[in-house]
Amino acid sequence: GHDQRHGFETRPLGEYGAIHPGASRQGAPLFQNISQATTGQSRIAVESAGRGYASYHVFDETVADFTSNWLQEKARTPSDRPFAAVTGFLLPHCPFVGHKELFDYYYDRVDIPEHTPNEPAAIRKFKQIRGLYPPLPEERIRVARAAYFAMCEFLDTQIGKILNTLLETGLDKNTLVIYCSDHGEMAGEHGCWWKSSYYEGSVGVPLIISQPGVVPQNTVSDLICNLIDIGPTLIDMADGDPLPDADGQSFWPLLTGGQASNHSNETFSEHLGREGIPSCMIRTGPWKCYTYHDATPPVLYNLQDDPGELHDLGTDARHGAIRTALLHRLYEHWDPNAVLQESAILNRDMDVLTRWGRKIQPRLEDTFPVPEGAEELELL
């Protein structure tokens, strides 16, 4: 919709693909020689992998340049007023297209994940819906994984530009930097790709935070947290009043060398995707349990004993007590019927917005103008 800035004062660069529902795209198409289907969760996204350069690469390079320029301007005009800047990248999102030199580097270095024995029924359903049966040939997996790791390193380079700018301008001395992602990528592990499963590779996200002299260097925490904890953490850092009725919890004391003594050390994740079936996961201590709102058996892992999630304990009678306790805790926060009712309302509202957009064709000034020729592709 129109709320592209959502509280920010300025937006030096528009959103990739910003568009009102129902309206036609502005500017050049996002892809010229790559099928739009390769951005979704279907077999073609893996089968169409290769080496090259896509508009996602162009966007991320442009984002890094704009961010660096904005920081340089900030340094030239110092102010006592703090700033908060958000920089959003697209890579390493599929389509799996790796920059040529990086793709060639990783092609012979990637491994081929082994098949997971006795995988849960929920994962078999996930694969069936997305066309992952029969299993992909090893060469397809190798190509897509090489492209994925190449995209990761390409993104690392862009982030490096921004961190170097902070260092060169001296802004690094008093800037809190947070790197995170909205979801993971299975990249062939357990025979799965993309997000939307509850394997750690999908539901777990990176969270790297630094501030010289404030956040101790080279420390790792096994505290279980969630992206919704970042907002309360930033408010806590700025000594602001806590948000009322917030679900997230601040882990600022932990970041500054103390203890997050009041943190629950558990998290939940929900999904309602192409299956059309609500599902929910709880993670607490070493345990992960998730269930679907159908006859699919619940899934249970002990990540301390089984970090690779190879042994589902969801139907193991010896673990009935912990499974029952976790499901009870999960249902304290989750009502699948309410999820379906709310989703129906959201779909109804989206239908109205889409019909309005199709009729009015509103233009959004915050749309990133994809340049012509921003694509070189060699499918392998």
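Taken over segment 336-380, the criterion of being over 30 Å from residue 137 (Cβ atoms), open to solvent by 90 Å² or more (accessible area, probe 1.4 Å) and among the charged types (D, E, K, R) is satisfied by 342, 348, 355, 358, 359, 363, 365, 372. The listed residues are 328, 333, and the only one of them that is under 17 Å from residue 282 (Cα atoms), at pLDDT below 95 and open to solvent by 100 Å² or more (accessible area, probe 1.4 Å) turns out to be 333. Being hydrophobic (A, V, I, L, M, F, W, C), farther than 19 Å from residue 322 by Cα and at pLDDT 90 or above is the filter here, so list the residues in segment 235-293 that pass it. Matches in segment 235-293: 235, 237, 238, 251, 252, 254, 255, 272, 277.
In segment 1-116, counting only helices (runs of 4 or more DSSP H) that sit wholly within it, the ones holding 2 or more residues that are closer than 30 Å to residue 351 by Cβ, of a type outside the set (Val, Ile, Thr) and at pLDDT 85 or above span 43-47, 55-76. Among the residues of segment 151-186, those that are more than 19 Å from residue 59 (Cα to Cα), touching a Pro at 6+ places or on another chain (Cβ under 8 Å) and open to solvent by less than 60 Å² (accessible area, probe 1.4 Å) comprise 172, 185.
Among the residues of segment 158-199, the ones that are part of a helix (DSSP H, G or I) and either closer than 19 Å to residue 110 by Cβ or in contact with a Cys (Cβ under 7 Å, 6 or more places away or on another chain) (or both) come to 3 in all.
The values are calculated or read from the model by the stated rules, or taken from the named source; none is laboratory data. All of these numbers come straight from a predicted model, not from anything done at the bench. Please note: Cβ atoms are built from the backbone with ideal geometry, for glycine as well, and neighbour counts cover all protein chains shown. Please note that ligands, DNA and RNA were not included when accessible areas were found on the heavy atoms of the full protein model with its side chains. Shrake-Rupley method; radii C 1.70, N 1.55, O 1.52, S 1.80 Å.
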